[in-house]
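I have placed the structure first, in the form of structure tokens, so that the comments after it can refer back to it.
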Amino acid sequence: VQLQASGGGLVQAGGSRRLSCGASGGTLSTYTVGWFRQAPGNEREFVATITKGGEPDYADSVKGRFTVSRDNAKNTVDLQMNSLKPEDTAVYYCAAGRPIVGTMRFERGYSYWGQGTQVTVSS
């Protein structure tokens, strides 16, 4: 499965951005799909995930501002980001896998990764 994250760019603080994760060679509806991000000098961190059944989970830092959703017809998983803050600046990655219980927030739970898309939030 090859993943492609898109939708990144420059946005002002308080603004919104929608990221999309598309797939080829596989059907995203059969995988849990996660979003992670990595800011300069930091380790990659969990942002959000959505199970095959559509159940979302969010990092505390984005809860209430970000929404993850599936569009099975388009074979995509989107991340709607609202009320963006400068600290949301990072490269955002999508990942797909079949993580076992307790690993959905960790990179080791995912087998396939996209190349990342840069989101920069200016103050």
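The values are calculated or read from the model by the stated rules, or taken from the named source; none is laboratory data. None of these values were measured; they are calculated from a predicted model. Cβ sites come from the backbone with ideal geometry, for glycine too, and all protein chains shown count toward neighbours. With ligands, DNA and RNA removed, areas are computed over all heavy atoms of the protein, side chains included. Shrake-Rupley method; radii C 1.70, N 1.55, O 1.52, S 1.80 Å.
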| query | Filtering the stretch 38-57 down to residues that are hydrophobic (A, V, I, L, M, F, W, C) and without any contact (Cβ under 8 Å) to a residue 60 or more places away in the chain, which residue is farthest from Gln2 (Cα to Cα)? | reply | Ala39
| field | Index of the failed condition, Pro99 passing every other in (1) open to solvent by less than 40 Å² (accessible area, probe 1.4 Å); (2) farther than 16 Å from Ser29 by Cβ | value | (2)
| For the stretch 3-76, list the strands (runs of 3 or more DSSP E) that sit wholly inside it and hold at least 3 residues that are of a type in the set (Val, Ile, Thr); which are they? | 45-50
| query | Which of the residues that make up the stretch 10-37 are under 16 Å from Gln115 (Cα atoms), open to solvent by 20 Å² or more (accessible area, probe 1.4 Å) and in contact (Cβ under 8 Å) with a residue 60 or more places away in the chain? | reply | Ala23
| So Val101 fits all but one of (1) part of a strand (DSSP E or B); (2) of a type outside the set (Lys, Arg); (3) over 15 Å from the mean Cα position of the chain (by Cα); what number is the exception? | (1)
| query | Given the conditions (1) in a loop (DSSP other than H, G, I, E, B); (2) under 19 Å from Leu3 (Cα atoms); (3) free of Cβ contacts under 8 Å to residues at least 40 places away in the same chain; (4) not small (Gly, Ala, Ser), and given that Arg108 satisfies all but one, which numbered condition is not satisfied? | reply | (1)
| field | Filtered residues of the stretch 38-54 (kept if more than 12 Å from Gln118 (Cα to Cα) and surrounded by 14 or more Cβ atoms within 10 Å (Cβ to Cβ)) | value | Arg44, Glu45, Phe46, Val47, Ala48, Thr49, Ile50, Thr51
